[in-house]
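The structure's right below; bear with me while I get my questions together.
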Amino acid sequence: ASSHVIPALVKKIHDAKALGLSRLVCWGDGSPTREFLYVDDAADGLVAALEKLETSDPVNLGSSEEISIKALVELIARLMGYDGAIEWDASKPNGQPRRKLDVSRAERLLGWHAQVGFEEGLRRTIAWYDAHPLPVVPPTW
């Protein structure tokens with residue numbers, strides 16, 4: 001398993017669905033926001049940096065799409081066909097309130113921007129996981 005939010009949520013929802021659970025418990029209140037980048041876009045951005053970047057200054061690669069953890073959980077559940085209740089345990093930590101990158105340098109210096117939309121990247125990720133699932137583990141809540 002992984003502590004990274006998308007792999008962790010995909011596995012959690014996969015397992016809840018496989019076990020026939022009527023509810024799913026997530027930490028925090030779902031309000032923090034995150035930005036995600038599909039792996040193919042990350043690879044393309046790295047290649048663009050290798051080919052075009054003439055400075056050692058940092059350049060952020062990001063999608064410019066921001067989503068709350070709550071909306072992310074609901075979207076993954078919908079895409080995976082899980083229709084159980086989603087509960088939030090506000091006694092658990094939320095994590096950093098916001099993670100969003102300024103990608104203007106990538107656009108300006110590399111002519112680069114993400115090509116794969118967030119939902120499409122998530123669909124591809126879920127399809128990959130469905131083809132390579134980890135063993136189902138019952139929740140501990």
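Would you please list the contacts, defined by Cβ atoms under 8 Å and residues six or more apart or on different chains, that run from a residue in the stretch 42-62 that is under 12 Å from GLN115 (Cα atoms) and in contact (Cβ under 8 Å) with a residue 12 or more places away in the chain to a residue that is in a helix (DSSP H, G or I) and not aliphatic (A, V, I, L, M)?
LEU61/ASP41; LEU61/GLY45
When the stretch 103-115 is examined, which residues are found to be crowded, with 18+ Cβ neighbours inside 10 Å, outside any helix (DSSP H, G or I) and in contact (Cβ under 8 Å) with a residue 60 or more places away in the chain? First the steps, then the outcome.
Let us first name the residues in the stretch 103-115 that are crowded, with 18+ Cβ neighbours inside 10 Å, namely 103, 106, 110, 112, 114.
From the residues that got through so far, the ones that are outside any helix (DSSP H, G or I) too are 103, 112, 114.
Passing the criteria: TRP112, ALA114.
Now, a different point. How many residues are out of contact with any helix residue (DSSP H, G or I) (no Cβ under 6 Å at 6 or more places or on another chain) and of a type in the set (A, V, I, L, M, F, W, C) when one looks only at the stretch 75-85?
So the answer is 2.
Let me ask something else. Residue check: is SER63 in a loop (DSSP other than H, G, I, E, B) and under 18 Å from the mean Cα position of the chain (by Cα)?
On the way: in a loop (DSSP other than H, G, I, E, B): yes; under 18 Å from the mean Cα position of the chain (by Cα): yes.
Answer is yes for this residue.
Okay, moving on. Checking ARG34 against (1) assigned to a helix (DSSP H, G or I); (2) buried (at least 17 other Cβ atoms within 10 Å of the Cβ); (3) under 13 Å from the mean Cα position of the chain (by Cα): exactly one of these is not met. Which one?
(1)
Please give the number of the condition LEU72 fails out of (1) within 15 Å of the chain's Cα centre (by Cα); (2) of a type in the set (A, V, I, L, M); (3) in a loop (DSSP other than H, G, I, E, B); (4) under 25 Å from ASP29 (Cα atoms).
LEU72 satisfies all of (1) within 15 Å of the chain's Cα centre (by Cα); (2) of a type in the set (A, V, I, L, M); (3) in a loop (DSSP other than H, G, I, E, B); (4) under 25 Å from ASP29 (Cα atoms) except (3).
Quick check, is VAL5 within 15 Å of the chain's Cα centre (by Cα), surrounded by fewer than 18 Cβ atoms within 10 Å (Cβ to Cβ) and of a type in the set (A, V, I, L, M)? Please lay out each step first, then the result.
Details: within 15 Å of the chain's Cα centre (by Cα): yes; surrounded by fewer than 18 Cβ atoms within 10 Å (Cβ to Cβ): yes; of a type in the set (A, V, I, L, M): yes.
Yes.
Now, a different point. Does GLU87 fit the bill of being assigned to a helix (DSSP H, G or I) and loosely packed, with under 14 Cβ neighbours inside 10 Å?
Details: assigned to a helix (DSSP H, G or I): no; loosely packed, with under 14 Cβ neighbours inside 10 Å: yes.
No.
May I ask you to list the residues in the stretch 8-44 that are of a type in the set (A, V, I, L, M, F, W, C) and either over 26 Å from SER91 (Cβ atoms) or out of contact with any strand residue (DSSP E or B) (no Cβ under 7 Å at 6 or more places or on another chain) (or both)? Spell out how you get there, then give the answer.
Here is the first cut: in the stretch 8-44, the ones of a type in the set (A, V, I, L, M, F, W, C) are 8-10, 13, 16, 18-19, 21, 24-27, 36-37, 39, 42-43.
Answer for the stretch 8-44, where residues must be of a type in the set (A, V, I, L, M, F, W, C) and either over 26 Å from SER91 (Cβ atoms) or out of contact with any strand residue (DSSP E or B) (no Cβ under 7 Å at 6 or more places or on another chain) (or both): ALA8, LEU9, VAL10, ALA18, LEU19, LEU21, PHE36, LEU37, VAL39, ALA42, ALA43.
Checking the structure you have, find out if any residue of the stretch 127-140 is within 23 Å of THR33 (Cα to Cα) and hydrophobic (A, V, I, L, M, F, W, C).
To start, the set of residues in the stretch 127-140 that are within 23 Å of THR33 (Cα to Cα) comprises none.
No - not one qualifying residue is present in the stretch 127-140.
We did not get these values from a lab; they are worked out from the coordinates using the rules stated. Everything quoted here is computed from the prediction, not taken from an experiment. In this analysis, Cβ positions are derived from the backbone assuming ideal geometry, glycine residues included, and neighbour counts consider all displayed protein chains.
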